[in-house]
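Accompanying notes for the structure given below.
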Amino acid sequence: MTRTAPRRKVLISGASIAGPALAYWLNRYGYEVTVVERAGTLRSGGYPIDVRGTALDVVERMGILPPLRDAHIDLRRLTFLDGDGGEVTSLHPHAVTGGVAGRDLEVRRGDLTDALYTAVRDDVEFLFNDSVDTLDQTGHGVDVTFRGGESRTYDMVFGADGMHSRTREMLFGPEEQFHRYLGYCFAVFTMRNTFGLSHETMMWNTPGRAAALYAVGDDDEVHAFLNFARPEPPMDAFRDPQAQRDLVAEVFADAGWEVPGMLAALRDTDDLFFDGVSQIRMPRWTSGRIALVGDSAYAPSFLTGQGTSLALVGAYMLAGSLADRGHVAGFAAYERDTREFVTANQGLVGRGGATLFPTTARDLEQRNARLRGLSAIPAPAGRPAHSALALPTFTPMP
């Protein structure tokens, strides 16, 4: 009688994007996967995100490209405004983002998380309303206790729990040592679309401040976005929603255009997301039997437009590196084969901040002149960093 080896058990902390993508591939390679998520359910809706370059190959191999194509937001116009609300220029978004028309995807965050969850929910265990309390690595595995009180042992544990990752903190120490603040803070929330906007974004700028209204379709809601330069991160505000509202209201108190109405909506919104514009940069993403993936390991910041794509590609590479190897060789391969792609995409940040959010009047004038020149130029063929990695094909152990 042939005895088959028991399936290796793994735990993934986080059910946003990197977590379910990693769960999909690890399940394909024969692992028994559990995903734990602090929230009670998946976050639906949400602001738009981009899937570009190599990440498109990942979702295609997962079989979820068709529903994502159906959910694609066809953003047709990006209008820049000056401090008085006058039009600077109106462009196709690809002229600014470096996207590739007809190939790149832009979808609501919830459409991607729904597609990922649908692809794995029948094969993977999800534990909602729970989180990891302690991790204890031993010679044979990782002993995990959950906030809900249960204890289990896994062969490996993966942190896919975002920029402010608790897994990373438990494994490598405080976030400050890996957190690279890029000099801006932002607030995103939804408000009523009383502006007649459809499939377009309008962005108002003064030096060091930006306000945008983003209509993903013909909905009765728009995404409001307020971004401002700040030399040091407002650490107290990160933990206090009221302090966040107060800070944004203070920074934009004298702003024109539609900003007063945005501030009024900000006071009442129940879906405010506020954070610093930052990256996570780490010399290594693994330790023992535990590895980090996505924003917890290498958040690139929204200025690159590549956070989602790095999460999808990183998950694919991490799982593939473990398809026919143990954790020691697999983690080494993940670090070696993914690092260059991550570094190239994090490097895009140098263009993003200066291009969209100048902090001086002179820089803003120069940016506006560049944007006016773009309007006559066809959309570029995409930044090389988006497609800098050719996806390998991994073969699982028999």
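The residues on offer are Phe146, Phe126, and the sole one that is closer than 23 Å to Ala315 by Cα, of a type in the set (Phe, Trp, Tyr) and either in contact with a Lys or Arg (Cβ under 7 Å, 6 or more places away or on another chain) or touching a residue at least 40 places away in the same chain (Cβ under 8 Å) (or both) is Phe126.
Could you identify the single residue in Arg52, Arg69 that is among the basic types (Lys, Arg) and surrounded by fewer than 20 Cβ atoms within 10 Å (Cβ to Cβ)? It would help to see each step written out before you state the result.
Values: Arg52 fails: surrounded by fewer than 20 Cβ atoms within 10 Å (Cβ to Cβ).
Of Arg52, Arg69, the one residue that is among the basic types (Lys, Arg) and surrounded by fewer than 20 Cβ atoms within 10 Å (Cβ to Cβ) is Arg69.
Scanning the range 272-285 for residues that are open to solvent by 20 Å² or more (accessible area, probe 1.4 Å), in contact (Cβ under 8 Å) with a residue 40 or more places away in the chain and either closer than 30 Å to Glu335 by Cβ or part of a loop (DSSP other than H, G, I, E, B) (or both) yields Leu272, Arg281, Arg284.
Would you point out which residue out of Asp161, Asp143 is touching a helix residue (DSSP H, G or I) at 6+ places or on another chain (Cβ under 7 Å), outside any helix (DSSP H, G or I) and of a type in the set (D, E, K, R)?
Asp161
Looking only at the range 318-364, residues that are assigned to a helix (DSSP H, G or I), open to solvent by less than 10 Å² (accessible area, probe 1.4 Å), touching a residue at least 40 places away in the same chain (Cβ under 8 Å) and of a type in the set (A, V, I, L, M) come to 3 in all.
Here Val222, Val216 are screened, and the one residue that is surrounded by 14 or more Cβ atoms within 10 Å (Cβ to Cβ) and touching a residue at least 60 places away in the same chain (Cβ under 8 Å) is Val216. All of (1) in contact with an Asp or Glu (Cβ under 7 Å, 6 or more places away or on another chain); (2) farther than 24 Å from Gln366 by Cα; (3) of a type outside the set (S, T, N, Q) hold for Glu232 with one exception: (1).
Just one of the listed residues (Leu303, Leu312, Leu263) is aliphatic (A, V, I, L, M) and not in a helix (DSSP H, G or I), and it is Leu303.
Conditions tested, residue by residue: (1) at pLDDT 90 or above; (2) assigned to a loop (DSSP other than H, G, I, E, B).
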{"position": "Ile12", "(1), (2)": "yes, no"}
{"position": "Thr34", "(1), (2)": "yes, no"}
{"position": "Asp84", "(1), (2)": "yes, yes"}
{"position": "Gly99", "(1), (2)": "no, yes"}
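Every condition in (1) touching a strand residue (DSSP E or B) at 6+ places or on another chain (Cβ under 8 Å); (2) open to solvent by 80 Å² or more (accessible area, probe 1.4 Å) is met by Thr269 except one, and the failing one is (2).
For Leu322, the conditions (1) modelled with pLDDT under 95; (2) more than 17 Å from Arg180 (Cα to Cα) all hold with the exception of (1).
What about Thr89, is it assigned to a strand (DSSP E or B), among the hydroxyl-bearing types (Ser, Thr, Tyr), open to solvent by less than 20 Å² (accessible area, probe 1.4 Å) and modelled with pLDDT under 95? Answer is yes for this residue. Residues considered: Arg180, Arg103. Of these, the only one that is part of a loop (DSSP other than H, G, I, E, B) and open to solvent by 40 Å² or more (accessible area, probe 1.4 Å) is Arg103.
Residue pairs whose Cβ atoms lie under 8 Å apart, sitting 6 or more positions apart in sequence or on different chains, and linking a residue in the range 44-62 that is in contact (Cβ under 8 Å) with a residue 40 or more places away in the chain and within 24 Å of Ala224 (Cβ to Cβ) to a partner that is open to solvent by 50 Å² or more (accessible area, probe 1.4 Å) and of a type outside the set (Ser, Thr, Tyr), are Ser44/Asp114; Gly45/Arg108; Gly46/Arg108; Tyr47/Arg108; Tyr47/Phe273; Pro48/Arg108; Ile49/Arg108.
Scanning the range 235-260 for residues that are open to solvent by less than 20 Å² (accessible area, probe 1.4 Å), assigned to a helix (DSSP H, G or I) and under 25 Å from Glu200 (Cα atoms) yields Val248, Val259. Just one residue in the set Thr34, Thr41 is farther than 24 Å from Gly288 by Cβ, touching a residue at least 40 places away in the same chain (Cβ under 8 Å) and surrounded by fewer than 24 Cβ atoms within 10 Å (Cβ to Cβ); that residue is Thr41. Could you tell me whether Met191 is open to solvent by 30 Å² or more (accessible area, probe 1.4 Å), touching a residue at least 40 places away in the same chain (Cβ under 8 Å) and assigned to a strand (DSSP E or B)? No: the conditions fail for Met191. Glu232 passes every criterion in (1) closer than 15 Å to Ala187 by Cα; (2) open to solvent by 60 Å² or more (accessible area, probe 1.4 Å); (3) part of a loop (DSSP other than H, G, I, E, B) apart from (1).
The values are calculated or read from the model by the stated rules, or taken from the named source; none is laboratory data. The structure presented is a predicted model; accordingly, all values stated were derived computationally and were not measured. Note that each Cβ is placed from the backbone with ideal geometry, even for glycine, and that neighbours are counted across all protein chains shown. Calculation scope for accessible area: heavy atoms of the full protein, side chains included, ligands and nucleic acids excluded. Shrake-Rupley method; radii C 1.70, N 1.55, O 1.52, S 1.80 Å.
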